[in-house]
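Student: The structure that follows is given in the form of structure tokens.
Computed from the coordinates by the stated procedures, all read-outs in this text should not be read as laboratory data. Just so we're clear, the structure is a prediction, and the values are computed from it rather than from any experiment. Cβ: placed from backbone, ideal geometry, glycine included. Neighbour counts: every protein chain shown.
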Amino acid sequence: MDKIGNVISVGIDLTSSEKKHSGWAVLNNNVASTRRIRTDQELIDTTIAQNPAVIVLDAPLSLPVGRLSVFDTDPGRQQFGITRECERALLKVGIRSYPCLLPSMQRLTERGIRLAVEFRMRGFEVIEGYPGGAQDILGIPRKQKGISDLAKGLEGFGITGSFIEKPISHDELDAITAAIVGCFYLSGNYEAFGNESEGFLIVPKR
């Protein structure tokens, strides 16, 4: 897949709290535009203004079957655990991810679910993506290798935009990757890890 064209995909590298900026990106005809956005309302307003064909959230968008809450006070925690089928399936193919209800992930999962509901209520298609896993599959360096290497990897994949000349945050670069996942999804070139009960995590087809 050398070029991505004629679709609009929005990727959001979500943080766990409105106190921190999330990375936001829109892909339109291979051109990426990015921002750093703090509040839920601004994320919603900025995204729907693009009228995207798909919205990709880099955040867990569901709970393990049997869980009623993201928090450890959930009486089902011991029985149903903190991981979903998608996370276990990714690990089997060598892609590591964080369990969705790890203590450090609980607020992010709560926020991701809430935002997905808001977008879907407005009629938009929302999928869960994982930029790190997508980068592994596409041969693009993860941010841990260095922000400049990640930016060069996205450029080498065929993405253009001001990020090539102007340094941006790793959150925005991951948001671009999330938007790329949306393009693979729209074209049918994707794999879905998970199940109907918990939903699916989408990555580019290996």
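Student: Mean separation of Cα pairs under 8 Å and 6+ residues apart, divided by the residue count of the chain: what relative contact order is that in percent?
Tutor: Working: 414 pairs, mean separation 61.3, N = 206.
So the answer I get is 30 percent.
Student: Summing +1 for each Lys or Arg and -1 for each Asp or Glu, what net charge is found among the other residues whose Cβ lies under 14 Å from the Cβ of ARG67?
Tutor: On the way: positive: ARG77, ARG84; negative: ASP72, ASP74, GLU85, GLU87, GLU110, GLU198.
Result for the neighbourhood of ARG67: -4.
Student: Within straight cross-link reach of LYS92, meaning Cα distance under 16 Å, which aspartates and glutamates are found once same-chain residues fewer than 8 apart are removed?
Tutor: Those aspartates and glutamates meeting the cut-off are ASP136, GLU191.
Student: Once phi is turned into ³J(HN,Hα) by the Karplus curve 6.51 cos²θ - 1.76 cosθ + 1.60 with θ = phi - 60°, what whole-Hz value does each residue of the stretch 52-59 show in order, with x for glycine and proline?
Tutor: x, 6, 8, 10, 10, 9, 8, 5
Student: Let me ask another. Describe numerically, in nm with one decimal, the distance between label points set 7 Å from Cα along Cα→Cβ at ARG120 and at SER148.
Tutor: 4.3
Student: Okay, moving on. Could you list which residues have their amide H under 5 Å from that of ARG84, counting only those 5 or more apart in sequence or on another chain, with H placed in the peptide plane?
Tutor: When sequence neighbours closer than 5 places are left aside, the close amide H contacts are CYS100.
Student: Considering only the other residues whose Cβ falls under 11 Å of the Cβ of ARG36, what net charge follows from Lys and Arg at +1 and Asp and Glu at -1? Write down the numbers at each step before the final one.
Tutor: On the way: positive: LYS20, ARG35, ARG38; negative: ASP13, GLU42, ASP171, GLU172.
For residues surrounding ARG36, the net value is -1.
Student: Going toward the positive end of the dipole of the stretch 142-196, with +1 on Lys and Arg Cβ and -1 on Asp and Glu Cβ, which of GLY194, ILE159, GLY182 do you reach last?
Tutor: ILE159
Student: According to a simple spin-label model (label point 7 Å from Cα along Cα-to-Cβ), what is the distance in nm between SER197 and ASN51?
Tutor: Going by the 7 Å Cα→Cβ label model, 4.0 nm.
Student: Separate question: Within the stretch 155-177, name every residue whose backbone N is under 15 Å away from a label modeled 7 Å from Cα of VAL31 along the Cβ vector.
Tutor: It comes to 159-165, nothing else.
Student: In addition: Report for the chain the percent antiparallel among DSSP-assigned beta bridges with both residues inside it, nearest 5.
Tutor: 65
Student: Same structure again: May I ask for the net charge around VAL54, where only other residues with Cβ less than 14 Å from the Cβ of VAL54 are counted and Lys, Arg are +1 while Asp, Glu are -1? Before the final figure, lay out the partial values.
Tutor: On the way: positive: ARG120, ARG122; negative: ASP58, GLU125, GLU128.
Computed value for this residue: -1.
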